[in-house]
Amino acid sequence: MKSFLFAAMATLFFWGALFSGTLAMAQTFRGHDCYGNCDEFQRGYYWAQDYNIGDQAQCDDGYSTSFAAGCYAYIDDDYEEHPDRYEIYEDY
């Protein structure tokens, strides 16, 4: 009986550790954490790249939160690579 309980507890511990480790791992795409659905995040990133989106307002046109987050991530990456493409407005 003790060996059965030990085996059952060991099995539960193994699956619990595996499952909790899977949940704890954040999905990332190109160094960005995916918010919500990572597939949607990637679609937003590639959409912004394909259409050369540079204004975050365009990311918010009725798309999902994950899609918009991917779009924002592309703009951030593009700005870091090509800051000359973006006009900086300063308040005077």
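Things worth noting here:
- Highest mean packing first, where packing is the average number of other Cβ atoms within 10 Å per residue, the peptides 47-56, 33-42 line up as 33-42, 47-56.
- Estimated at 0.36 nm per residue, the fully extended path between TYR79 and GLN58 surpasses their Cα-Cα distance by 6.0 nm.
- Farthest toward the positive end of the dipole of the stretch 26-85, out of TYR74, GLY62, TYR51, is the Cα of GLY62, where the dipole comes from beta carbon charges about the Cα centre.
- The magnitude of the dipole of the stretch 26-85, with charges of +1 and -1 set on the Cβ of Lys/Arg and Asp/Glu and taken from the Cα centre, is near 160 debye.
- Globularity index of the stretch 26-85 is 1.02 (Cα radius of gyration / 2.2 N^0.38 Å, N = number of residues).
- Per-residue 3J(HN,Hα) values for the stretch 70-76, derived from phi via the Karplus relation 6.51 cos²θ - 1.76 cosθ + 1.60 with θ = phi - 60°, read x, 4, 4, 4, 4, 4, 4 Hz in sequence order (x marks Gly and Pro).
Taken together, the values in this text are just the output of simple stated rules run on the coordinates, not laboratory data. This is a predicted model, so every value here is computed, not measured. No Cβ is skipped: glycine too gets one built from the backbone with ideal geometry, and neighbour counts run over all protein chains shown.
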